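What follows is a short report on a single structure.
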């Protein structure tokens, strides 16, 4: 408690939090956009699917952290952090979004075609909304992974961020500050997960859910 108070009063905790949230928000947003867009392209354009899907299916099993050296070479240290988070988030959203689209109930599609809906309209108005619960679940999973990747990336030649704060405290034997930073990371992760869960429940209020036996 004393260490947390000390870090808060000094402004260090707020400064490192702002840096980490900026990196997390930018990288995760890119990943979500890329993942959903790639899945939609694969589902809507068969030729694109023949080229893109095998590549992404090949890349998906590779641990994201294994890409760090290549990302540093191509994007530099700062860009590597963003690329790492975007890749992890994007692959999760890609796989889930593609599954949701391909799992659209056939009767819904038939009815939409009867009303002369285009494939894009079917995607936006039927496939994605009907799979909203699953997509929000994937987003929660991706956010959890993004925190792990963020903290790992902040150990790479960094001088700011919550990951760096934890590592620096460890290196200089400030165990109390290290624990305070870890608890703060857990608190932030819990808060954002609850925020997305609330949005998930609101967006899918029409969906009957299992309440237990």
**OP:** Quickly rank 41-49, 129-137 as a protection proxy: mean count of other C-beta atoms within 10 Å, highest first.
**Re:** 129-137, 41-49
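Using a/c under 1.5 as the rounded threshold, could you call the range 133-213 rounded, prolate or oblate? The axes a ≥ b ≥ c are square roots of the C-alpha gyration tensor eigenvalues, and prolate needs a/b larger than b/c, oblate otherwise.
Prolate is the answer for the range 133-213, as a/c is 1.5 or above and a/b outweighs b/c.
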Subject >> Shape call, the chain: gyration tensor on alpha carbons, a/c limit 1.5 >> reply: oblate
Original post:
For the range 29-51 and the range 132-194, what is the separation of their Cα centres, given in Å?
Top reply: 29
Subject >> Mean residue ellipticity (222 nm) of the chain, computed from DSSP H runs ≥ 4 via -39,500 (n - 2.57), nearest 500 >> reply: -26500 deg cm²/dmol
Original post:
How much FRET efficiency would the formula 1/(1 + (r/R0)^6) give for residue 111 and residue 134, where r is the Cβ-Cβ distance and R0 is 35 Å, rounded to 0.05?
Top reply: 0.95
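Readers should treat all values here as calculations from the given coordinates under stated rules, not as data from a laboratory. Model, not experiment: these values are computed from the prediction. As a convention, Cβ positions derive from the backbone with ideal geometry for all residues, glycine included, and neighbour counts pool all protein chains shown.
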